[in-house]
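Asks: Sharing a structure with you now.
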Amino acid sequence: MFYTVCPGQTGQPLVEQTTFKVKGSAAEPYELTFIKDGSSLTALCTCPAGEFGNVCKHRTSILDGVTAAITSRNEDEVTKVVGWLKDSDVEAALHELRAAEEAGEDLVAARRKLARAMNS
Ligand SMILES: [Zn+2]
């Protein structure tokens, strides 16, 4: 965890970051990094999908508040990350994907948009 504090401000962290280790299909847990910078939320994952720049369920699960797969013993940080989601670029893209899922629409465009929001 590190903070970048903007000089001249009152010590309010400008950029916040947290990392989880999550049990996936590989022997080694995947590492998920969430970075909050204003209204931009960046979510990265070291799983194959994540490395390819695609959306993965590891990150969407955390954003849904699911802590079951976390092995890094910082499950309490999930609440904070779910808070970061609010009013972020990722929240808007995630809503679009959920709406497309419910409507039974083609998910390719929505998944690509969400991936773009998570990777920036
Ligand atoms: Zn992943």
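None of the figures in this text is laboratory data; all of them are computed from the coordinates on show. In this text, all values refer to a predicted model and were calculated from it rather than measured experimentally. A quick note on method: Cβ atoms are made from the backbone with ideal geometry, for glycine too, and the neighbour counts reach across all protein chains shown.
Asks: Could you work out the helix-only [θ] at 222 nm for the chain, with each DSSP H run of four or more residues adding -39,500 (n - 2.57) and the total divided by the number of residues, to the nearest 500 deg cm²/dmol?
Replies: -10500 deg cm²/dmol
Asks: A further question follows. Could you tell me how many degrees, from 0 to 90 and to the nearest 10, lie between the Cα long axis of helix 89-102 and the main elongation axis, the longest principal axis, of the Cα atoms of the chain?
Replies: Here the helix axis deviates by roughly 20 degrees.
Asks: Please report how many Lys pairs in the chain have alpha carbons closer than 17 angstrom, counting only residues at least 8 apart along the chain or sitting on separate chains.
Replies: Values: LYS21/LYS57; LYS21/LYS80; LYS23/LYS57; LYS36/LYS80; LYS36/LYS86; LYS57/LYS113.
Pairs that pass both the separation and distance tests number 6.
Asks: Separate question: Would you mind putting 27-39, 66-78 in packing order, based on average other-beta-carbon counts within 10 Å, highest first?
Replies: Final packing ranking: 27-39, 66-78.
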